[in-house]
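Report on the following structure.
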């Protein structure tokens, strides 16, 4: 009796022993550990432990973690990417690419619930539009079905297959073969965007392996959350932190994200890890070649879950990454061409079949020319059998990999299920191994992932010394792409360590060079950046080169104006210069802005300046106030014999327009629009706000505040033009029935201009 009492006392005093396990962890292939309490993982210097067992010991690292009894619900509004990651949230906008800032076209997604932007207060993050496979505004049977790219599903469940789409602030415009539609956000149920001409679905998946990272050989992780999210990212690029009522958040930035996304760790249901060169077959595009059944029931194949929607299990193997297939089916997967060296998967009847099922499978490769070859063939797979390993090599010439699941009916062992009964085959961790060295040689990652550099040439002798990495910007809450040196280089004073080149014909649309750069603090010495035009040094607006300080995300910006060379073909060289001679590793460089931009925004693609039907220079104003002028100034002249220039570009038909100016013209019924170039005259510092009014109304019909993003600062919010602000070509509709129009500038005391201004007629 005394032993019984002691036994009960011991276990009542040991809560960990008395509690049911809440976590399951797999090390290596199948070494299993269950536990109650997960600790750590709230700081980079505090790794995770399950009870007393470290999960990231050098000798043994976690492969899979499951929060037991967690239920993964399907998200109702979400974005699905080509790698089959899922971001729960609502698409609320779209923004075009900004080549100079290296920002691709992207959707704005409002997050809620278990997710937060790392830094943005408005709850939105940006996702790369080229990576998006599906946008679901309202989940339903039809939106959850697969549709071809270009499909639009409206709220009434009608379908439109669009040849092209154009997003706006309010929604979507689309054109099909026989109709066009305009739909606002609330009218859309789902959109499958058209294929991106620059990034195929397969290459979007490959970006998980090639995108800039802080360690190219670090493992790749995948989080699945209870509300249906799925996130693929580099293990070493996880930022854990404790915030908001002592809750733990994990910040990740998948290849499709332009910002860091904080995930509430308590919402993470599954975590899986794979090697840096392993790609799941389940992440790739697939096509069903054939499906049939014996019993009259057809179960479609599934990604990353078994037939019941749970994790995949075969014998002792478990994972949330893989495939579930059913007999008979034949599914072809697109794979990266000439990069796949091996296929491997753990294979068996899923445990949900409760010991039943009997099937046979094949793995085939599609050869050039379309023929098929069997590269792996199983024996009978039966629910009571342990898992088996499917493996195949010699796949570099494969164009597709094909998974065939056949009835294990003929010749089946005694008492095995006949026909297709319970033939739920789990392909656990069906990984293809990639030759990433060949992938990087075939795709220049600097050119691909730093879009501002796409059109610039990098000499091979410089390119061979650098690679693309990433470093964390804690202020901006995102990982930044960085050009980093692989190893120390021998440097000589006045001799560049890196160069970019471009030969181009200058127009008003590409004659302003801007470079904003920062060193990443990793390396021995910082550098400077200088610009040459036709081999001669060019002077920036601020009379200096870009100076890199070694402070992360502390950007130094410089601007160069080439308006005086418009109409000429020039060669521009951007040179990264050492500060001193020696053998050392220069610090990596991140660009916030890089490239040629318009001197005048809003011009046509040709760069042609406006030619109004009725130029203001042919009209006499009703009245005017121009500080410093008692008469109307000469067109095309700043003062005396100095030409009228805006940011070094000559404006042949325009007037100086100082701050606090006002000019009034008569309106004629045939005038439909006022068009003009507005900006800062060379030699001035700031001017604005510009306003346009009609008759004696006090509210303007247009203001230069409309030209600028108010988030850029007070000056921009007020519509001011500064030395670092592009001029703008504006076209303003004139409301009918008015007699006069007034153009005026604000309180800034420098000098602006009205360039090539005038009226267009109806």
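Distance from a point 7 Å along Cα→Cβ of residue 447 to each backbone N in segment 192-211: keep the residues under 16 Å and list them by number. Once the point is set 7 Å along Cα→Cβ of residue 447, 198-200 turn out to lie under 16 Å by backbone N, inside segment 192-211.
Computed over the Cα atoms of segment 395-481, pair by distinct pair, the Kirkwood hydrodynamic radius stands at 18.8 angstrom. Report, in whole Å, the centroid distance computed from the Cα atoms of segment 645-697 and segment 593-609. One Cα centre to the other: 19 Å.
Using all C-alpha to C-alpha distances in the chain, build P(r) with 20 Å bins and read off the rounded percent in each one. P(r) over the chain, rounded to whole percents: 14, 39, 31, 13, 3, 0. Taking one quarter of the surface of the convex hull spanned by the alpha-carbon atoms of segment 444-597 gives a direction-averaged projected area of 8.7 nm². Each residue, residue 367 and residue 299, gets one label point 7 Å from its Cα in the Cβ direction; the gap between the two is 3.5 nm. Using C-alpha pairs under 8 Å with a sequence gap of at least 6, the mean separation divided by the residue count of segment 278-438 gives a relative contact order of 34 percent. Averaging 1/r across all pairs of distinct Cα atoms in segment 259-298 and inverting the result yields a Kirkwood radius of 15.1 Å. Each 5 Å bin, from zero up to the one with the longest distance, holds this percent of the alpha carbon pairs of segment 341-418: 3, 16, 24, 20, 15, 11, 8, 3, 0. Normalising by residue count, segment 614-761 has a Cα convex hull of 103 Å³ per residue.
For residue 736 and residue 685, a Förster radius of 45 Å and the Cβ-Cβ distance give a FRET efficiency of 0.70, rounded to the nearest 0.05.
Put a dot 7 Å past the Cα of residue 660, heading toward its Cβ, do the same for residue 289, and the two dots end up 8.1 nm apart. Treat segment 223-349 as a sphere of radius equal to its Kirkwood radius over Cα pairs and apply Stokes-Einstein at 20 °C in a medium of 1.002 mPa s; give the translational diffusion coefficient in µm²/s, rounded to a whole number. Result for D is 126 µm²/s. Annotation: the residues 436, 65, sorted from fewest to most other C-beta atoms within 10 Å of their own C-beta, follow the order 436, 65.
Note on segment 127-263: Kirkwood radius taken over Cα pairs, Stokes-Einstein applied at 37 °C and 0.692 mPa s, translational D equal to 192 µm² s⁻¹. With the radius of gyration and the Kirkwood radius both derived from the Cα set of segment 278-438, what is their ratio Rg to Rh? Answer for segment 278-438: 0.96.
For the chain, the mean residue ellipticity at 222 nm estimated from helices alone is -1500 deg cm²/dmol, where every DSSP H run of n ≥ 4 contributes -39500 (n - 2.57) and the total is divided by all residues, rounded to the nearest 500.
By other beta-carbon atoms within 10 Å, ranking 329, 426, 218 with the fewest at the front produces 218, 329, 426.
For residue 22 and residue 384, a Förster radius of 35 Å and the Cβ-Cβ distance give a FRET efficiency of 0.75, rounded to the nearest 0.05.
Between residue 722 and residue 569, what length in nm is gained on full extension when 0.36 nm per residue of separation is reduced by their alpha carbon distance? Extra length from residue 722 to residue 569 when fully extended: 52.3 nm.
In segment 551-674, the convex hull through the Cα atoms has an average projected area of 13.3 nm², a quarter of its surface area. The calculated pair-distance distribution of segment 652-737 uses every alpha carbon pair, bins of 5 angstrom beginning at 0, and gives 3, 12, 23, 25, 19, 11, 6, 2 percent.
Taken along the Cα-to-beta-carbon direction at a fixed 7 Å, the label points for residue 440 and residue 536 span 4.1 nm. Across segment 201-270, counting alpha-carbon atoms alone, Rg and Dmax equal 12.6, 41 Å. Using a cutoff of 8 angstrom between alpha carbon atoms and counting only pairs six or more residues apart, the relative contact order for the chain works out to 9 percent. Segment 277-344 gives an Rg/Rh value of 1.00, both radii derived from C-alpha positions and Rh following Kirkwood. For a Förster distance of 45 Å, can you work out the FRET efficiency between the beta-carbons of residue 474 and residue 629, rounded to the nearest 0.05? Rounded to the nearest 0.05, the efficiency is 0.30.
As a proxy for reagent exposure, 675, 354, 316 were ordered by neighbouring Cβ count within 10 angstrom, fewest first; the result is 354, 316, 675. Using only alpha carbon pairs under 8 Å that are at least six residues apart, calculate the relative contact order of segment 507-645 and give it in whole percent. Value for segment 507-645: 34 percent. Stretching residue 396 away from residue 92 to a fully extended chain increases their span by 105.2 nm, per 0.36 nm per residue minus the current alpha-carbon distance.
Each value in this text was obtained by applying a stated rule to the coordinates, not by laboratory testing. None of these values were measured; they are calculated from a predicted model. Please note: Cβ atoms are built from the backbone with ideal geometry, for glycine as well, and neighbour counts cover all protein chains shown.
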